[in-house]
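Below are the structure tokens for one structure; questions will follow.
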4 protein chains.
Amino acid sequence: MIHAGIVGGTGYTGVELLRLLMPHPDVAVTVVTSRADAGTRVDTIYPSLRGYCELCFSAPDVDTLAECDVVFFATPNGTAMTMAGALLARGVKVIDLSADFRLQDVDEWRQWYGMEHACPDLVAEAVYGLPEVNREAIKTARLIACPGCYPTAVQLGFLPLLKHQLINPGALIADVKSGVSGAGRKAQLSALMSENGESFKSYAVTGHRHLPEIRQGLQAHSQKAVQLTFVPHLTPMIRGIHATLYGTLQDTGKNLQHIFETAYQDETFVDVLPEGSMADTRNVRGTNRCQIAVHRPQNGDTIVVLSVIDNLVKGAAGQAIQNMNLMFNQDESTGLTQLALYP
Amino acid sequence: MIHAGIVGGTGYTGVELLRLLMPHPDVAVTVVTSRADAGTRVDTIYPSLRGYCELCFSAPDVDTLAECDVVFFATPNGTAMTMAGALLARGVKVIDLSADFRLQDVDEWRQWYGMEHACPDLVAEAVYGLPEVNREAIKTARLIACPGCYPTAVQLGFLPLLKHQLINPGALIADVKSGVSGAGRKAQLSALMSENGESFKSYAVTGHRHLPEIRQGLQAHSQKAVQLTFVPHLTPMIRGIHATLYGTLQDTGKNLQHIFETAYQDETFVDVLPEGSMADTRNVRGTNRCQIAVHRPQNGDTIVVLSVIDNLVKGAAGQAIQNMNLMFNQDESTGLTQLALYP
Amino acid sequence: MIHAGIVGGTGYTGVELLRLLMPHPDVAVTVVTSRADAGTRVDTIYPSLRGYCELCFSAPDVDTLAECDVVFFATPNGTAMTMAGALLARGVKVIDLSADFRLQDVDEWRQWYGMEHACPDLVAEAVYGLPEVNREAIKTARLIACPGCYPTAVQLGFLPLLKHQLINPGALIADVKSGVSGAGRKAQLSALMSENGESFKSYAVTGHRHLPEIRQGLQAHSQKAVQLTFVPHLTPMIRGIHATLYGTLQDTGKNLQHIFETAYQDETFVDVLPEGSMADTRNVRGTNRCQIAVHRPQNGDTIVVLSVIDNLVKGAAGQAIQNMNLMFNQDESTGLTQLALYP
Amino acid sequence: MIHAGIVGGTGYTGVELLRLLMPHPDVAVTVVTSRADAGTRVDTIYPSLRGYCELCFSAPDVDTLAECDVVFFATPNGTAMTMAGALLARGVKVIDLSADFRLQDVDEWRQWYGMEHACPDLVAEAVYGLPEVNREAIKTARLIACPGCYPTAVQLGFLPLLKHQLINPGALIADVKSGVSGAGRKAQLSALMSENGESFKSYAVTGHRHLPEIRQGLQAHSQKAVQLTFVPHLTPMIRGIHATLYGTLQDTGKNLQHIFETAYQDETFVDVLPEGSMADTRNVRGTNRCQIAVHRPQNGDTIVVLSVIDNLVKGAAGQAIQNMNLMFNQDESTGLTQLALYP
């Protein structure tokens, strides 16, 4: 039995970890921290967990967390980096769902996140937790930087094309649409239903923090320099990301469908849809699955890849658990076989 | 292993049965029928089932269905009554999610459903599948009439009060709000998102088919005649029912919270919320659970009971499986322990 | 030309006042205050007003506001009462959209609103701005207490019945559903789309601030003591209130449809729907109209009245302008003839 | 007074014409046809029009329509082409909101719309009703082909760039998101709220009927051949289109913001947002306005244009009335000055 702790249990990724870990057969969640709600039963704040979770929130405390085998950080950026070192030193594995360890370039991290990094040395050790790319490294890692939601959907859609040098890395476009839960469980005007309901908008067109992360991930598999235009949008729904990816084919003679099917044939959580399919976020809602469809409209030289995930599962908590399963030698899909909630 | 068939697999209750039965450890679904889609793979129409369901839809056929241990009817009203007899005769248990066997009074059924009943004799045999009321009868039943979604939420909320004669049965009000999936997967103007989105409306105020069903269920536990005003509404969301129930207290000296907690203390799927709680459909979404809160505003003589369910689970497919578990001597909650999808 | 000022222009009722007043032929808005956004152009924060509004927000200041003919308070509770006196003294008419002057009983106000009233003397003078009830008093008033959104929908639905003593005032039930904009434009967790979308919930069952206001309004037209059970709910849409009202008929011989049609035959903004109609908030969205449908299900002794409004128009800004039109001897419907936005 | 007829008054563009024409000071709607609902009062089907529209639907009849000055066709594709000739011959101006006269190449029309064109001769005469491009021709036209909703948003966003040869016409990408009302008021499974709510999807990636229309419009202003990748998506809201347009700059030295502001400086219904702005469909909801924002992320050679409209107004009924105003020498914005409904 793996003893797990969750730091920052009151946000959406925190409660999603609880939803997925509570029925996980090999895990016992023993600590859930929340500074603000310390002492309160978890199921008071989340009545959906009544009957499944007897825990109370506690204040975050290294000694308590050190009794866990693994600690998940479902915290705002800047928190994990202040505690990870102490936990690693006590032999605890750390899976960070925030952005603290995602960028290998600490200077770039500082620019995008607006603070000094508290432990640049650990950045080098951290393994980027995209199992479809880094599975072997994850198995032996002590510290995982769980990918962002946008980066997960975009990288899984672009990587087979870059690895086979099928598209021009210098002209990539990712037009991505997210549900509102990506903004987190924070009291902020811009996330009100009156502001987001029944409306569609773009945001952060001039530069979103996930841009350098995606670029880093794509560059690692491209021989030439990656140029990416990344435009995020907010769509009036709660869960789901739909990435529409555009690339310019350098070789129009290849069977693109076949290349994607081959690339992901052994991947449990990447489902390449049949030729001609559309992608729809509802079909992956609540699951750890990425569904991908590949198109070449009008047989032109633009390839269109549609990649959908649930931002809170494959884009956050589910992927974190997938990493944990690998780190603890469990079957990779344990606890992650929920079917999508349709309709 | 229980071999199960589903007649009418393309509607929302049909696909919800598949979502819940596919991972059920004791069930193998062997037949899913759809006249219109016979020959098509189920996961072509429902990509959410890719990887979990290899079946094709087939045309409904008694001989094929007779090889099952149990057949679920997720069909429009009027279908199950034409096939149930033949299946029962072949030793197959039948669980009908439609309304064909819900009303014991065949004349009343004809008035509300606008057709002659095809097998009035079986109506008498059918057991009304509300386990919290009829558990023992369900265990030995051959034919189950699964309750409607509104009747489930309303009966579970009113019954403890009627059984204890705490409220006047002659003046009951059920103001109930449903998500739009209750209208089914049918091409109809009134169910378009442009018609239902961003708007709230009442409907069928003059008389809804679930009225006689609820009345029948309440009357069975009331010594005096039940008079019920039932007003259904449509709320712009997909899943969920929120029943707000009003009764006039005949005895204001009782601890109402305690009465509800006691009434449901052994029920896995009825969760009486702590005193002072509100009810919220999100907390039961995707689950087989009914959550109930009890209030007596301003300590007056009106009691307000809030009762929420997911109309497609406890109000349809989940309850059907709960019945099946009982009929086949399984643990009642097998395959029904999903946590709610929040947010 | 009426010179109008708006105190608290950044909330939803404030911007709704701007939407309605900008094209009003007899009004020039000259001041819009916001402490937080003083100096910012209004259309920077509300791009929907680009081209219609050249104003900047200014800090609230009595001298500046005193140059207006009328000042609207679209502020949180507790603000208007601190400024109204000074403005009235300068000859400015005041229309308060908050709750400061709604309750005639200052003690009751203090209990429900949790603060001392700053000017109890003005409470007595204030006219409750429901034109369908108080039209003549409004015409000569200096200070208007604009009704709350719930109270508007509920009173318009119940009053004809109480006035004709058709229902028992001792057993009234108002089951009311509101869109989320009623919570205002405030950064608060409970108003996030992730919290409210795709879910339906009750709230404040134990007592909502609009309860005493409704009771006061109903009591004024009832010979016997009013007992009201008022249960508000939140429905996942932005605008709209649907009140479902239940009363026990004391006289079942009257033509209820006729009574409502007669009661409102001269009212521009109350539309009694034809017999047998349902009510739907979409049909009044964006308008100052209340639509009402009257039902007597199963010809029993329970009457069901459906009453729908747009909470931001007839429930707030539109009604305020209707009051202003009356106070300044304009046609009551000037600037308020928008058709509903359907779909 | 312009006497106007509407053929096909029961769809969303038909009822939107009524919403906008009823208060139009220069127009009297005298005929509204609907084969299915002939004889029924319009406000029975659309209670939002109660008090504003006394008309009944009538069966479409050339003699009756010929008494109008102008007839709007808000019909499915294939209807206007069978009646337009007869009306023009009787001196009636025709504004077609369907696709019958949009494509100048009749062969291409047949391929995309799957039927023979009934009056190819009129196609040549028809003027494409995008006033920002064809204002002078519209003024003297007898027959207007009103642009599609996607084509309106996409052309207004791309044209200034093509006219100034700032981008490569051979590599255009239009990633466009539409609310569900674009699918019309038809009973179809794919438009159910249960299918579209709380989900985001792409559709028609392999080829949408608006592709040739957009291409034709862009090509007319480009010296080199236009290659366009057009990917439409469905977003869970009712009204609104958000086009995200990508082009490769051929000249990065120009002030893009200035070029757009200059291009549209005299246009009432195209609003170029200040530098750095995002676009949001809520800010144009219910209005005839297109709002445009221009970005060059990371100062690269990809330009991103955000263009938002209300698909039923500037994308259909509003634009049709803008055309009518021009054809009848009215001020272009008469009847089209509604402010957006926010929130």
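With the requirement that a residue be under 15 Å from the mean Cα position of the chain (by Cα) and either under 20 Å from A:Y12 (Cβ atoms) or aliphatic (A, V, I, L, M) (or both), what does the stretch A:215-244 give you?
Result: A:R239, A:G240, A:I241, A:H242, A:A243.
Is it the case that C:G335 is within 15 Å of the chain's Cα centre (by Cα), surrounded by 21 or more Cβ atoms within 10 Å (Cβ to Cβ) and over 26 Å from C:H164 (Cα atoms)? Steps first, please.
Numbers: within 15 Å of the chain's Cα centre (by Cα): no; surrounded by 21 or more Cβ atoms within 10 Å (Cβ to Cβ): yes; over 26 Å from C:H164 (Cα atoms): yes.
No.
Moving to a separate point now. Taking C:Q330, is it more than 9 Å from every other protein chain (Cβ to nearest Cβ), in contact with a Pro (Cβ under 7 Å, 6 or more places away or on another chain), at pLDDT 95 or above and over 23 Å from D:Y46 (Cβ atoms)?
Values: more than 9 Å from every other protein chain (Cβ to nearest Cβ): yes; in contact with a Pro (Cβ under 7 Å, 6 or more places away or on another chain): no; at pLDDT 95 or above: yes; over 23 Å from D:Y46 (Cβ atoms): yes.
No: the conditions fail for C:Q330.
Would you confirm, using the coordinates I've provided, whether B:G315 is at the interface with another protein chain (Cβ under 7 Å from one of its Cβ atoms) and closer than 23 Å to B:L17 by Cβ? Give the derivation first.
Details: at the interface with another protein chain (Cβ under 7 Å from one of its Cβ atoms): no; closer than 23 Å to B:L17 by Cβ: yes.
When the stated conditions are applied, B:G315 does not pass them.
Tell me which of these D:G85 doesn't satisfy, since it passes every other one: (1) part of a helix (DSSP H, G or I); (2) in contact with a Cys (Cβ under 6 Å, 6 or more places away or on another chain); (3) buried (at least 22 other Cβ atoms within 10 Å of the Cβ).
(3)
Mind checking which helices (runs of 4 or more DSSP H) fall wholly inside the stretch A:188-292 and carry at least 1 residues that are without any contact (Cβ under 8 Å) to a residue 24 or more places away in the chain and over 26 Å from C:S194 (Cα atoms)? Outline the logic, then answer.
Numbers: elements: A:193-196, A:210-219, A:256-263.
By residue number, A:210-219, A:256-263.
Does A:F101 satisfy the criteria of being assigned to a loop (DSSP other than H, G, I, E, B) and either modelled with pLDDT under 95 or among the aromatic types (F, W, Y) (or both)?
On the way: assigned to a loop (DSSP other than H, G, I, E, B): yes; either modelled with pLDDT under 95 or among the aromatic types (F, W, Y) (or both): yes.
It is true that A:F101 is assigned to a loop (DSSP other than H, G, I, E, B) and either modelled with pLDDT under 95 or among the aromatic types (F, W, Y) (or both).
Oh, and also: Being touching a Leu at 6+ places or on another chain (Cβ under 8 Å) and among the polar types (S, T, N, Q) is the filter; apply it to the stretch C:215-233 and report the residue that is farthest from the other protein chains (Cβ to nearest Cβ). It would help to see each step written out before you state the result.
Quick first cut of the stretch C:215-233, residues touching a Leu at 6+ places or on another chain (Cβ under 8 Å) only: C:215-218, C:221-222, C:226-230.
Keeping just the survivors that are among the polar types (S, T, N, Q) gives C:216, C:222, C:227, C:229.
Working: C:Q216: 15, C:S222: 17, C:Q227: 6, C:T229: 4 Å.
The residue in question is C:S222.
If you don't mind, another one. Count, please, the residues in the stretch C:256-275 that happen to be farther than 24 Å from C:L326 by Cα, in contact with a helix residue (DSSP H, G or I) (Cβ under 9 Å, 6 or more places away or on another chain) and not β-branched (V, I, T).
Initially, the stretch C:256-275 is screened for residues farther than 24 Å from C:L326 by Cα, giving C:256-259, C:273-275.
Then keep just the ones that are in contact with a helix residue (DSSP H, G or I) (Cβ under 9 Å, 6 or more places away or on another chain); that gives C:256, C:259, C:273-275.
Those left that are additionally not β-branched (V, I, T): C:256, C:273-275.
So the answer is 4.
Another question, then. Restricting to the stretch B:193-205, name every residue that is facing chain C (nearest Cβ under 8 Å) and either among the aromatic types (F, W, Y) or under 12 Å from D:A191 (Cβ atoms) (or both).
Result: B:S194, B:E195, B:G197, B:F200, B:Y203.
Would you confirm whether any residue within the stretch C:149-160 is touching a Cys at 6+ places or on another chain (Cβ under 6 Å) and in a helix (DSSP H, G or I)?
So in the stretch C:149-160, the residues touching a Cys at 6+ places or on another chain (Cβ under 6 Å) come out as C:156.
So of that shortlist, the ones also in a helix (DSSP H, G or I) come out as C:156.
Yes, there is a match, as at least one residue in the stretch C:149-160 is touching a Cys at 6+ places or on another chain (Cβ under 6 Å) and in a helix (DSSP H, G or I).
Let me ask something else about it. Exactly one of these conditions fails for C:G170: (1) closer than 23 Å to B:L172 by Cβ; (2) at pLDDT below 95. Give me its number.
Here C:G170 meets the rest and fails (2).
Out of D:P212, D:P160, report the one residue that is away from every other protein chain (no Cβ under 14 Å), within 19 Å of the chain's Cα centre (by Cα) and at pLDDT 95 or above.
Answer to the check: D:P160.
Yes/no matrix, rows are residues, columns are (1) under 26 Å from B:D266 (Cβ atoms); (2) touching a residue at least 40 places away in the same chain (Cβ under 8 Å); (3) surrounded by fewer than 19 Cβ atoms within 10 Å (Cβ to Cβ); (4) not hydroxyl-bearing (S, T, Y):
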position: B:V70; (1), (2), (3), (4): yes, yes, no, yes
position: B:L103; (1), (2), (3), (4): no, yes, no, yes
position: B:A124; (1), (2), (3), (4): no, no, yes, yes
position: B:F158; (1), (2), (3), (4): yes, yes, no, yes
position: B:N168; (1), (2), (3), (4): no, yes, yes, yes
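While we're on this one: Could you list, in sequence order, all residues of the stretch C:283-309 that are away from chain D (no Cβ under 14 Å) and of a type in the set (V, I, T)?
Across the stretch C:283-309, the qualifying residues are C:V294, C:T302, C:I303, C:V304, C:V305.
Now, a different point. Can you report the number of residues in the stretch D:251-282 which are farther than 20 Å from D:I309 by Cα, at pLDDT 95 or above and within 14 Å of chain A (Cβ to nearest Cβ)?
1
So which residues in the stretch B:193-225 are among the aliphatic types (A, V, I, L, M) and surrounded by fewer than 19 Cβ atoms within 10 Å (Cβ to Cβ)? Working first, answer last.
So in the stretch B:193-225, the residues among the aliphatic types (A, V, I, L, M) come out as B:193, B:204-205, B:211, B:214, B:218, B:220, B:225.
Hits for the stretch B:193-225 are B:A204, B:A220, B:A225.
Cβ-Cβ below 9 Å, separation at least six or inter-chain, first residue in the stretch B:11-32 and assigned to a strand (DSSP E or B), second polar (S, T, N, Q) and modelled with pLDDT under 95: which pairs?
Short answer, once both residue conditions are applied: B:V32/B:T10.
Another one. Mind telling me which of the residues B:T33, B:T13 ends up being within 14 Å of chain A (Cβ to nearest Cβ) and among the polar types (S, T, N, Q)? First the steps, then the outcome.
Numbers: B:T33 fails: within 14 Å of chain A (Cβ to nearest Cβ).
Sole residue among the options that is within 14 Å of chain A (Cβ to nearest Cβ) and among the polar types (S, T, N, Q): B:T13.
Residue under question is D:S48, and the condition is that it be within 22 Å of the chain's Cα centre (by Cα) and either surrounded by fewer than 16 Cβ atoms within 10 Å (Cβ to Cβ) or on the phi < 0 side of the Ramachandran plot (or both); does it hold? Show your work before the answer.
Details: within 22 Å of the chain's Cα centre (by Cα): no; either surrounded by fewer than 16 Cβ atoms within 10 Å (Cβ to Cβ) or on the phi < 0 side of the Ramachandran plot (or both): yes.
No: the conditions fail for D:S48.
Out of the residues in the stretch C:172-192 that are at the interface with chain B (Cβ under 9 Å from one of its Cβ atoms) and more than 27 Å from C:T10 (Cα to Cα), state the one that is surrounded by the most Cβ atoms within 10 Å (Cβ to Cβ).
Taking the candidates together, the pick is C:D175.
Applying the selection to the stretch D:36-57, what residues are in a strand (DSSP E or B) and away from every other protein chain (no Cβ under 13 Å)? Can you show your working first?
Step one: of the stretch D:36-57, the residues in a strand (DSSP E or B) are D:41, D:56-57.
Passing the criteria: D:C56, D:F57.
Moving on. Scanning for something closer than 21 Å to A:A204 by Cβ, in a loop (DSSP other than H, G, I, E, B) and not assigned by TED's automatic domain parsing to the domain that holds A:H258, does the stretch A:128-145 turn up at least one residue?
So far as the stretch A:128-145 goes, no, none of its residues is closer than 21 Å to A:A204 by Cβ, in a loop (DSSP other than H, G, I, E, B) and not assigned by TED's automatic domain parsing to the domain that holds A:H258.
The values are calculated or read from the model by the stated rules, or taken from the named source; none is laboratory data. Everything numeric here is computed off the predicted structure, so don't read it as measured data. Cβ: placed from backbone, ideal geometry, glycine included. Neighbour counts: every protein chain shown.
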